[in-house]
Amino acid sequence: MSLLKNVGTIGGLTLVSRFAGLAREMIFSRVLGANAVTDAWFQAFIIPNVFRRLFAEGAFSAAFVPMFSKRLHGTGDADSGLDEARSFSNDVLSVFLPVLIALCAVMMLAMPLVIRLLGDGDSPPADFAMEVDFARIMFPYIALVSLVTLFTGMLNSVSRFAPGASFPIILNLVLIAALLFGDYAMSEWGWTTRQVGYSQAWAVTGGGAIQLAWLYYWTRVEGFRPKLLWPRITPEVKRLSIIALPAAIGGGAYQINTLVQLYFLNQLDSGSISYMNYADRLNQLPLGIIGIALSTAILPTLSKFVGSKNREGTDRIQSDAIELSMLLTIPAAVALAICAVPFVTMIFQGGRFSVEQAALTGDVLAMLVLGLPAYVLVKVLVPNFYARSDTRTPVYAAFISLIVFAAMNFALVADWGVRGVAFASVIGAWINVTYLYAVLVRRDYYAIPLKLVGRIARQLVAAAAMGVALWFARDLLTGWYDAGLFERAGALIALVICAGAVYFAVAFAIGAIDKQRIRTLTRKSPLPEQGGAPDDLAR
């Protein structure tokens with residue numbers, strides 16, 4: 001399966017998920033706005049997701065999938081491999097689930113202390129109680145979605161990417177349904193925004209249960225039959241823990257970064273957490289579609305080429321991933337920066353979300369997207385280390401980035417407010433990617449070829465031309481951004497068409513797009529074992 005096809009499978013479903021999430025945030029902003037209730041809800045939603053990314057995604061992306069795949073495919077006998085893989089996954093599940101349940105119990109009991117440590121202990125008693133309630137209601141989501149991550153890893157090992165890439169859509173649909181019900185209850189039954197917030201909190205945990213049922217079904221379709229056994233620490237489970245620990249620590253740096261950001265946002269005016277969340281929703285669209293999809297798609301093939309000592313193959317896959325990611329990310333960042341306020345106004349403004357709040361959120365978005373290429377490049381470079389079983393270097397990079405991020409917050413927040421928090425994250429992201437690339441070069445793992453540098457420079461020129469066109473087009477459509485639905489949609493479509501037409505026309509004209517490589521990436525052909533440039537990713 002070619003690189004573009006692998007990325008298309010994951011990225012296409014991620015695109016649907018991101019747009020479903022965007023639709024959810026559009027409804028959320030209109031129904032609830034940006035206030036103490038929304039800040040409390042977003043904060044409570046972040047807490048279990050931090051632990052999910054720390055323990056589930058970090059551990060299993062670096063450790064479980066390679067170990068599971070080795071048992072599934074390593075024996076040469078399909079039936080024997082399936083039995084070994086089943087046994088290993090059941091042992092992991094039987095140890096993993098009790099740990100998750102214990103973590104949920106401890107955190108739910110300690111939640112008042114957790115909220116205070118996040119810098120929000122000075123809220124009015126009623127607001128503080130609401131924050132604790134929201135977090136306790138949502139925290140079991142970590143246990144549900146961590147099991148989802150386990151099942152996703154099993155499915156990815158047999159190249160069944162669609163169920164794992166699609167499960168976030170389910171949560172978004174559940175939350176949208178709960179929001180529409182809450183809006184109806186506010187207009188017909190006199191519900192308050194606080195009551196709608198509680199219904200949304202319960203919807204998160206309910207959505208997690210539905211997600212788990214979805215992935216469990218697909219694991220059974222593939223013949224894995226996951227089941228709970230009496231917990232036992234087998235040598236394989238112990239090895240999984242040892243391998244996963246550095247990845248979890250590395251993920252911890254990113255998640256501590258999120259909690260540090262939350263701490264500084266809690267020191268600012270009410271609504272700051274909400275402004276950051278709404279802005280990051282737009283920032284996450286290209287990051288999720290491009291960065292995460294590429295990262296997931298290239299790791300198996302990078303691992304194969306590194307294992308076979310195929311340097312030319314490794315370099316080609318890494319260069320292809322960088323070229324494709326920057327081809328799409330650079331124009332996305334420029335467009336979001338120039339049209340930040342119009343985009344936020346068109347998408348979120350309305351109902352309880354005012355024009356002034358939209359303008360402030362747009363300023364935050366314009367700051368955040370300055371780091372978008374760096375966020376994506378981190379996702380693209382880290383698999384080069386994981387393919388070599390090096391989980392430590394990304395840890396060092398993440399912690400250096402965290403230190404810089406915290407220092408910049410102290411320097412910027414007092415004068416810049418929520419915009420300063422956004423800009424501090426941008427600086428941290430560029431420090432992270434700079435460190436990762438420097439290590440790759442120093443260890444002679446990879447260096448960007450001059451031809452690719454020239455092509456990226458041309459991409460920047462094409463993006464600059466697009467930015468000039470958007471600057472003028474943006475002002476021509478000013479009256480449409482906060483008008484009716486059709487005017488907003490028309491303005492959004494016009495800006496997107498303008499951006500795409502100018503960027504790709506200039507990119508093709510000046511050679512920013514390698515047409516031969518695009519044809520190669522979209523063509524299936526046998527994967528070389530040794531030597532030669534890999535045209536495709538192995539299925």
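The values are calculated or read from the model by the stated rules, or taken from the named source; none is laboratory data. Quantities reported herein were computed from a predicted structural model and do not represent experimental measurements. When we count neighbours, we look across all protein chains shown, and the Cβ atoms used for this are built from the backbone with ideal geometry, even at glycine. Surface areas here come from the heavy atoms of the whole protein model, side chains and all, with no ligands, DNA or RNA. Shrake-Rupley method; radii C 1.70, N 1.55, O 1.52, S 1.80 Å.
Residue check: is Leu179 in a helix (DSSP H, G or I) and open to solvent by 10 Å² or more (accessible area, probe 1.4 Å)? So Leu179 does not fit the description; no.
One line per residue, one yes/no per condition, for (1) of a type outside the set (Phe, Trp, Tyr); (2) assigned to a helix (DSSP H, G or I); (3) open to solvent by less than 10 Å² (accessible area, probe 1.4 Å):
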position: Leu370; (1), (2), (3): yes, yes, no
position: Asp390; (1), (2), (3): yes, no, no
position: Ala398; (1), (2), (3): yes, yes, yes
position: Trp430; (1), (2), (3): no, yes, no
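What about Ala494, is it surrounded by 14 or more Cβ atoms within 10 Å (Cβ to Cβ), over 23 Å from Met326 (Cβ atoms) and free of Cβ contacts under 8 Å to residues at least 40 places away in the same chain? Criteria met by Ala494.
Checked against (1) modelled with pLDDT under 95; (2) closer than 19 Å to Leu370 by Cα; (3) out of contact with any Gly (no Cβ under 7 Å at 6 or more places or on another chain), Asp415 meets all criteria but (2).
Take Ile256 and tell me if it is open to solvent by 30 Å² or more (accessible area, probe 1.4 Å), part of a helix (DSSP H, G or I) and on the phi < 0 side of the Ramachandran plot. Taking the combined requirement at face value, the residue satisfies it. Exactly one residue out of Gln530, Gln459 is open to solvent by less than 30 Å² (accessible area, probe 1.4 Å) and either modelled with pLDDT under 90 or of a type outside the set (A, V, I, L, M, F, W, C) (or both): that is Gln459. Within the stretch 110-132, being more than 15 Å from Ser270 (Cα to Cα) and within 26 Å of the chain's Cα centre (by Cα) holds for Met111, Val114, Ile115, Leu117, Val132. Just one of the numbered conditions (1) surrounded by 15 or more Cβ atoms within 10 Å (Cβ to Cβ); (2) not in a helix (DSSP H, G or I) is not true of Val114: (2).
Quick check: is even one residue across the stretch 407-419 part of a loop (DSSP other than H, G, I, E, B), farther than 19 Å from Gln318 by Cβ and either out of contact with any Ser or Thr (no Cβ under 6 Å at 6 or more places or on another chain) or basic (Lys, Arg) (or both)? Checked against the condition, which is being part of a loop (DSSP other than H, G, I, E, B), farther than 19 Å from Gln318 by Cβ and either out of contact with any Ser or Thr (no Cβ under 6 Å at 6 or more places or on another chain) or basic (Lys, Arg) (or both), the stretch 407-419 yields at least one hit. Just one of the listed residues (Gly291, Gly208, Gly197) is at pLDDT below 90, open to solvent by less than 40 Å² (accessible area, probe 1.4 Å) and not hydroxyl-bearing (Ser, Thr, Tyr), namely Gly291. Residue pairs whose Cβ atoms lie under 9 Å apart, separated by 6 or more positions or on different chains, with the first residue in the stretch 435-461 and assigned to a helix (DSSP H, G or I) and the second open to solvent by 60 Å² or more (accessible area, probe 1.4 Å) and among the aromatic types (Phe, Trp, Tyr), are Tyr435/Tyr396; Val439/Tyr396. Of all the criteria given as (1) touching a Leu at 6+ places or on another chain (Cβ under 8 Å); (2) of a type in the set (Phe, Trp, Tyr); (3) open to solvent by 20 Å² or more (accessible area, probe 1.4 Å); (4) at pLDDT below 95, the one not satisfied by Tyr446 is (3).
Of all the residues in the stretch 142-159, those that are open to solvent by less than 10 Å² (accessible area, probe 1.4 Å) and within 18 Å of the chain's Cα centre (by Cα) number 6. In the set (1) crowded, with 23+ Cβ neighbours inside 10 Å; (2) modelled with pLDDT of 90 or more, Arg136 fails one condition alone, (1). In the stretch 93-119, the residues that are over 21 Å from Leu240 (Cβ atoms) reach residues that are among the β-branched types (Val, Ile, Thr) and open to solvent by less than 40 Å² (accessible area, probe 1.4 Å) with C-beta atoms within less than 6 angstrom, at least six apart or across chains, in these pairs: Met111/Val132; Pro112/Val132; Ile115/Val132. Reported count of residues in the stretch 214-240, each being open to solvent by 60 Å² or more (accessible area, probe 1.4 Å), in a helix (DSSP H, G or I) and more than 15 Å from Val99 (Cβ to Cβ), is 8.
The requirement of being open to solvent by 40 Å² or more (accessible area, probe 1.4 Å), farther than 22 Å from Ala63 by Cβ and among the small types (Gly, Ala, Ser) is not satisfied by Ala185.
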